[in-house]
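Asks: Got a structure for you, questions after.
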Amino acid sequence: MRALSHSSISLYLECPQKWKFKYIDKIPEKPRHFFSFGQSCHEALEFFYGSPLIPPSLEEVMAFFEEHWKTAGYKDAKQEAEYKQQGRKIVKDFYAKYAPTYKAPFFVEYPFNILVDGVAVTGKVDRIDKVDDKTVDIVDYKTGKAFDLERVKEDAQLTMYQMAVEELLGMKVRSLTFYHLPSQTPLTSEPHDIEQVKELRQRIVTVASSIQKSQFDPKPEEWTCKWCDYKPHCPVFRHQYLTPPPVAAEASAGGLATDKSEDEILADLVDRYGKMKEQVHELEANIEDLREEILGLLRKKGYLRAFGSQYEASLASEERWEFEDRLKVVEVLKKHLLYDKVLKPSAPEVQKLMKDENLPPEARRDLEKLGKKVEGGTLRCHRISDA
Ligand code: SF4
């Protein structure tokens, strides 16, 4: 089995099916600008720390940054230019902060391979600084969003680096740092404790064992799936990318032979049904927003109708009553012997009652005291042209 890295373990835990697409089926993901950006900054800092005694000049570091800038994954030239400018600032600020007291690290981009209970684990530590003959500090650069110290205290990536460094170098880790490059902020924690190490070891073994058993079930989560490049390949989203096969309809109607099992057909139908319901909800919400907007504009302009190129919308104004305290409404209805008339005092039934010219004046007065008259309107819309 291939060696596991921190990112591949995280990916498996996020979605085993996604892990399979990436590492077994070897379907490449789209390049992402934030990876290119991070790599460009990392490489410039690696170059900065590449000299044993004195640092390269700022001009040399900046020239390296420009020459090794990674271009993949940016939306357009404008976005790339903005990020490049941010990268230049990061490298310049880092240089200004650390060049005057330059000390070459113990290791830069330290690659490691270890065995954790028989599972091969691999990775690369951005920087290891020697404290003395027995201790080191570990530093990992981050270029994304800001984070807090809690993350540094708990992040399994740092636990893994600590494990690897202590095992391979035979030295104790004194501190663990995530260095946030955009703000030039180092956040440092004590070494992670034995429980965190045990927990990580257990996680590595569990993930490795699941992979060996070919457990690659999809784990759909709204946010993860939203950004997943493998959606067109994923069984969960199959209905969005394939025209439903005609056999599915036949099979559901009469159980005809098909190359899909009935369970698979059922799963397809359930997914399609769920998806359509979601779309209907979404459409309903959009229609309601549009209705409110049109009604608002019609009222503002004092119009009763308005025309689009293909449709006409007209406003039928009406007043309606809103009651907050349903129990008091029921009491009033009972007092005036109207409860039976309404039977189920739902809002539409009470509205009907309020419009009824035969409603006794005392009952109307009592109900009006409980409610609030609001201006409502029915929006009718019909097609006026096929164009
Ligand atoms: S679309 Fe969702 S469920 Fe499918 S592979 Fe991607 S993350 Fe996993």
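Asks: Just how large is the dipole of region 1-139 about the Cα centre, in debye to the nearest 20, putting +1 at every Lys and Arg Cβ and -1 at every Asp and Glu Cβ?
Replies: Around 480 debye, computed over region 1-139.
Asks: For region 107-200, just say rounded, prolate or oblate: build the C-alpha gyration tensor, square-root its eigenvalues into a ≥ b ≥ c, call rounded for a/c under 1.5, and beyond that prolate if a/b exceeds b/c, oblate if not.
Replies: prolate
Asks: Got a sec? Charge dipole of the chain, +1 on Cβ for Lys and Arg, -1 for Asp and Glu; which of 56, 205, 83 is way out at the positive end?
Replies: Checking the options against the dipole of the chain, the answer is 83.
Asks: Put one equal scatterer on each alpha carbon of region 12-55, apply the Debye formula with no solvent term, and list log10 I(q)/I(0) at q = 0.14, 0.24 1/Å to two decimals.
Replies: Log10 I(q)/I(0), no solvent term: -0.56, -0.84.
Asks: Further question: Binned at 10 Å from 0, what are the whole-percent values of the Cα-Cα distance distribution for the chain, short to long?
Replies: Histogram of Cα-Cα distances, whole percents per bin: 4, 14, 17, 16, 13, 13, 13, 8, 3, 0.
Asks: Using a 1.4 Å probe, what is the accessible area per residue for the chain, in Å²?
Replies: Per-residue value: 62 Å².
Asks: Per the 1.4 Å probe, what fraction of the accessible area of the chain, in percent, lies on carbon and sulfur atoms?
Replies: The computed percentage sits at 55.
Asks: For region 11-120, just say rounded, prolate or oblate: build the C-alpha gyration tensor, square-root its eigenvalues into a ≥ b ≥ c, call rounded for a/c under 1.5, and beyond that prolate if a/b exceeds b/c, oblate if not.
Replies: oblate
Asks: Name the residue farthest towards the positive end of the dipole of the chain from the options 171, 111, 316, assuming +1 on Cβ of Lys and Arg, -1 on Cβ of Asp and Glu, about the Cα centre.
Replies: 316
Asks: Return the sequence-ordered ³J(HN,Hα) values of region 85-95 in whole Hz as given by the Karplus equation 6.51 cos²θ - 1.76 cosθ + 1.60 applied to θ = phi - 60°, using x for Gly and Pro.
Replies: For region 85-95, the Karplus curve yields 4, 5, x, 4, 5, 4, 5, 5, 5, 5, 4 Hz.
Asks: Once you sort the root eigenvalues of the Cα gyration tensor of region 64-144 as a ≥ b ≥ c, which label holds: rounded (a/c under 1.5), prolate (a/b larger than b/c) or oblate (the other case)?
Replies: oblate
Asks: Additional query: Give me the accessible area of residue 7, 1.4 Å probe, in Å² rounded to the nearest 10.
Replies: 70
Asks: Does anything in region 37-52 have its amide N under 11 Å from the 7 Å Cα→Cβ label point of residue 104, and if so which residues?
Replies: In region 37-52, the label zone of residue 104 (backbone N under 11 Å from the point 7 Å along Cα→Cβ) covers 49-52.
Asks: Highest mean first, how do 126-136, 39-49 rank when packing is the count of other Cβ atoms within 10 Å averaged over residues?
Replies: My ranking of the peptides, most packed first, is 39-49, 126-136.
Asks: As a test of the formula, what do you get for the chain when each DSSP H run with n ≥ 4 contributes -39,500 (n - 2.57) and the sum is divided by the residue count, at 222 nm and rounded to the nearest 500 deg cm²/dmol?
Replies: Theoretical 222 nm ellipticity from helices: -15500 deg cm²/dmol.
Asks: Between 307, 214, 359, whose Cα lies farthest towards the positive end of the dipole of the chain when Lys and Arg beta carbons carry +1 and Asp and Glu beta carbons carry -1, centred on the Cα centre?
Replies: Comparing the listed Cα positions along the dipole, 359 ranks first.
Asks: Where Lys and Arg each count +1 and Asp and Glu each count -1, what net charge lies around residue 35 among other residues with Cβ under 12 Å from its Cβ?
Replies: With Lys, Arg at +1 and Asp, Glu at -1, the net is +2.
Asks: Any idea what the relative contact order of the chain is, in percent, if you count C-alpha pairs under 8 Å spaced at least 6 apart?
Replies: 13
Asks: Please report, in debye to the nearest 20, how large the charge dipole of the chain is about its Cα centre when each Lys and Arg carries +1 at its beta carbon and each Asp and Glu carries -1 there.
Replies: 720
The values are calculated or read from the model by the stated rules, or taken from the named source; none is laboratory data. What you see is a predicted model, and the numbers here were worked out from it, not measured in a lab. As a convention, Cβ positions derive from the backbone with ideal geometry for all residues, glycine included, and neighbour counts pool all protein chains shown. Keep in mind that these areas ignore ligands, DNA and RNA; they rest on the heavy atoms of the full protein, side chains included. Shrake-Rupley method; radii C 1.70, N 1.55, O 1.52, S 1.80 Å.
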